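Q: Sending over a structure as structure tokens; questions will come in a sec.
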Amino acid sequence: MAALTRKETMAQQRRAQAAERLAAMAVPAVSSWSKAPRDAARARLLDMGLPHRRDEYWKYTDPTSLAQPEPVEAATFDPQETLIFAQHERLHLVFSDGVFDAEASDPLEGEGIEIARLAEAETADIHWAQDLYGTLEARGQQPVNRPLAALNSALAQDGVLIRVTGQVERPVHITYLRRDTASDVILHHVVKVEPGAKITLLENGPAAARLNTCLEVDVADGAAFHHIRAQGRDHERRAACHMFARLGEKSVFKSFTLTVNGVLTRNEAVIEFTGDDAVAHIAGAALGEGDYLHDDTVFITHDAVNCESRQVFKKVLRKGARGVFQGKILVKDGAQKTDGYQLSQALLLDDDAEFDAKPELEIYADDVACSHGSTTGAIDEEALFYLLSRGISKGEAGNLLVLAFLAEAIEEIEDDELASEITERLSGWLSRHSKD
Amino acid sequence: MLEIKNLHVKLEEEDKQILKGVDLTVETGKVHAIMGPNGSGKSTLSYVLSGRDGYVVTEGSAELEGKDLLEMETEERASEGLFLAFQYPVEIPGVSNMTFLRTAVNSQRKARGEEEMSAGDFLKLVRERAKSLKIDADMLKRPVNMGFSGGEKKRNEILQMAMLEPKMCILDETDSGLDVDAMKLVAEGVNALRNEGRSFLVITHYQRLLNHIKPDVVHIMADGRIVKTGGPELALEVEENGYADILAEAV
Ligand SMILES: Nc1ncnc2c1ncn2[C@@H]1O[C@H](COP(=O)(O)OP(=O)(O)OP(=O)(O)O)[C@@H](O)[C@H]1O
Ligand SMILES: [Mg+2]
């Protein structure tokens, strides 16, 4: 009896906290199509309450600073942030402290693509966005609650809506700048890739002292969505980033995330196969030291035949940095010929670093090939000695081995140029951090 | 070139003496061979000379051109011109052979205060040297030693040696696992590098290699010491009679 009461009190408390959190932020004044999904998200959040470290899903990562109503402070850091992906022919969009900077951005138009700011589109009659906004997020609340994503749908200040109708070669590139040490930003993007269409989305930058993003991607039959993200290098920034994808028949979804620095990063990816013969690859490379926690939380649902999912997550940690991986592959009854692969590995460069992994498979079909592996290891001493014996310095040898460790994740990036930009950023970080 | 005096080495982890007073001098421009039964300490000697962890020098010295080797870090020894062709070359997933070679060449140049080799010059040189060792472009692209056959690994060691142009080359059983043709290739690779300024210490079990790489001096190592030193005929003697007589004599 007592336990139940405590549970009830807790639930009540959480709802109160959620209400407080909602009240703390200005609700965008919308009287448009987005009002209904926003209200629904609000109701979802009030029902779930805010996440708490006692939640099973937040066992390894304390959500307090992400959930609390009070904003957090973070010193600004990275003056070079805009340099990545800049050489590419791209459609460039810039957000500064969560506010769209029209002057710094390219015109919102391109061949095979319709693009609009969420803040502006809300007053227009955009049918396709109406059907999607908050929809995939809501689907993704089962079987695990993701209150911060519901918070996002309810309160998002801005974002972009992208509808892709052709085979678009020119990537859409969003740069998130920040100048404010206490910016508290919620962005919500919706991408709809129509049948047979194709797009690449690039994202980079710190965006905010505290960032909450939600990216909903609907990849229709035969469509392809490629995504490369370099999260901001500001040391003290915090981010909860959500990605919800629904995949149609013979569609392709590939996402890669690079994370260096940042005191707290929780990247959630929720992918659902709804059409047969589709492919989803999701990969990440994370490097951090000191006060650094990086959490990849992935949920892949196979609800179609002959789909391939592949997860490759690598983390390099030292000086007390922590890594978390929670990855689940759910193969529903009838999702035959599923090919599921999941790899999560951490390279701990000293004894202070820590990696917690919770890989899970839940399979209800009989004709599937699923494998998962998670390892935690140190630098291979044999290999290190071999490199040193050829005159390679300790720092450089260590960096070579770290890059080698990350290679499998980076190889998930199809475009060689983009891959080498990511590698460059990694090398830069390594050479700056290997001196001490 | 290389002067080892009364070198005593024990394991770090356990109180086990492996080298028990090795005396060995390799003159500049000469080829010395070391033969000796399994477990006599030949590889240990080569590891200690290149500075591998896990060993403790309890007595004695080792100098390369008058410089104290034992004081230096592994990578410094390499830049000073010491090279070890491993008995068991290490596989390194994720690092391409080409990157490995180029990083090594340029690291050594940097350490010596020389200019780095340009990408173009390097590529030209590596292709040329790889070709003479029958190492194809694919093997250069692949991760270091990954999936290489035993013989390919050994040839890859010689390629590294050819690229790094060391002064003091130690070859630890580079002939083991090689077929007759590969052995010839490796020997030719070594012979091409022989000159007045470069010395070799060739560790082998078989006289056969020494037919191709003609040594000036042959040493026999047993139980952590050099127990006998002679000319090339000593290798022939071992080939014919084994170690029994030599060991009996040494006691
Ligand atoms: N790290 C170690 N731990 C335990 N024993 C060791 C270690 N390293 C060397 N030894 C021992 O030292 C002795 C010498 O080994 P070493 O490898 O130097 O011999 P070797 O002369 O090269 O033999 P082979 O001809 O078989 O290559 C052996 O008895 C070996 O077992
Ligand atoms: Mg040996």
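The values are calculated or read from the model by the stated rules, or taken from the named source; none is laboratory data. Keep in mind that this is a model prediction, so the values were computed, not measured. A quick note on method: Cβ atoms are made from the backbone with ideal geometry, for glycine too, and the neighbour counts reach across all protein chains shown. These area figures cover heavy atoms from the full protein model, side chains too; ligands, DNA and RNA do not enter into them. Shrake-Rupley method; radii C 1.70, N 1.55, O 1.52, S 1.80 Å.
Q: Across segment B:1-60, which residue is nearest to ligand 1 (Cβ to nearest atom) among those that are among the acidic types (D, E) and within 14 Å of chain A (Cβ to nearest Cβ)? Don't jump to the end; show me each part of the working.
A: So the first thing to find is which residues in segment B:1-60 are among the acidic types (D, E), and the list is B:3, B:12-15, B:23, B:27, B:53, B:59.
So of that shortlist, the ones also within 14 Å of chain A (Cβ to nearest Cβ) come out as B:12-13, B:53.
Values: B:E12: 8, B:E13: 7, B:D53: 10 Å.
Going through the qualifying residues, I end up with B:E13.
Q: Just to be sure I understand, how many residues within segment B:38-74 are within 16 Å of ligand 2 (Cβ to nearest atom) and among the charged types (D, E, K, R)?
A: So the answer is 2.
Q: From A:D366, A:D351, grab the single residue that is in contact (Cβ under 8 Å) with a residue 12 or more places away in the chain and more than 7 Å from chain B (Cβ to nearest Cβ).
A: Answer to the selection: A:D366.
Q: Can you report the number of residues in segment A:83-132 which are in contact with a strand residue (DSSP E or B) (Cβ under 6 Å, 6 or more places away or on another chain) and β-branched (V, I, T)? Talk me through it step by step, then tell me what you get.
A: Pass one, segment A:83-132, residues in contact with a strand residue (DSSP E or B) (Cβ under 6 Å, 6 or more places away or on another chain): A:84-85, A:90-96, A:98, A:100-101, A:104-106, A:108, A:110, A:113-119, A:121, A:128-129, A:132.
Next cut, β-branched (V, I, T) only: A:84, A:94, A:113, A:115.
The total comes to 4.
Here is a yes/no grid of residues against (1) in a helix (DSSP H, G or I); (2) open to solvent by less than 60 Å² (accessible area, probe 1.4 Å):
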| position | (1), (2) |
| --- | --- |
| B:P89 | no, yes |
| B:P93 | no, no |
| B:T99 | yes, yes |
| B:T103 | yes, yes |
| B:Q108 | yes, yes |
| B:E115 | no, no |
| B:A130 | yes, yes |
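Q: Where residues in segment B:67-81 are more than 12 Å from every other protein chain (Cβ to nearest Cβ) and touching a strand residue (DSSP E or B) at 6+ places or on another chain (Cβ under 8 Å), which of them is surrounded by the fewest Cβ atoms within 10 Å (Cβ to Cβ)?
A: That would be B:D68.
Q: Can you tell me which residue among A:S344, A:S420, A:S389, A:S434 is hydroxyl-bearing (S, T, Y) and either within 11 Å of chain B (Cβ to nearest Cβ) or in contact with an Asp or Glu (Cβ under 6 Å, 6 or more places away or on another chain) (or both)?
A: Testing whether each residue is hydroxyl-bearing (S, T, Y) and either within 11 Å of chain B (Cβ to nearest Cβ) or in contact with an Asp or Glu (Cβ under 6 Å, 6 or more places away or on another chain) (or both) leaves just A:S389.
Q: Given A:K358, A:K394, which one is within 30 Å of B:L171 (Cα to Cα) and out of contact with any Ser or Thr (no Cβ under 7 Å at 6 or more places or on another chain)?
A: Just a single option satisfies the conditions, and that option is A:K394.
Q: So B:M146 ticks every box in (1) surrounded by fewer than 21 Cβ atoms within 10 Å (Cβ to Cβ); (2) under 16 Å from the mean Cα position of the chain (by Cα); (3) within 14 Å of chain A (Cβ to nearest Cβ) but one. Which box is left unticked?
A: Of (1) surrounded by fewer than 21 Cβ atoms within 10 Å (Cβ to Cβ); (2) under 16 Å from the mean Cα position of the chain (by Cα); (3) within 14 Å of chain A (Cβ to nearest Cβ), only one is false for B:M146: (2).
Q: Tally up the residues in segment A:27-63 that are aliphatic (A, V, I, L, M), open to solvent by less than 80 Å² (accessible area, probe 1.4 Å) and free of Cβ contacts under 8 Å to residues at least 24 places away in the same chain, please.
A: 2
Q: All but one of (1) in contact with a Ser or Thr (Cβ under 8 Å, 6 or more places away or on another chain); (2) open to solvent by 40 Å² or more (accessible area, probe 1.4 Å); (3) part of a loop (DSSP other than H, G, I, E, B) hold for A:S374, so report the exception by its number.
A: For A:S374, the exception is condition (3).
Q: Still on this structure: Evaluate segment B:105-122: report whether one residue or more is away from ligand 2 (no atom under 16 Å from the Cβ), in the same structural domain as B:A137 (by TED's automatic domain parsing) and within 17 Å of the chain's Cα centre (by Cα).
A: Taking every residue of segment B:105-122 in turn, none turns out to be away from ligand 2 (no atom under 16 Å from the Cβ), in the same structural domain as B:A137 (by TED's automatic domain parsing) and within 17 Å of the chain's Cα centre (by Cα).
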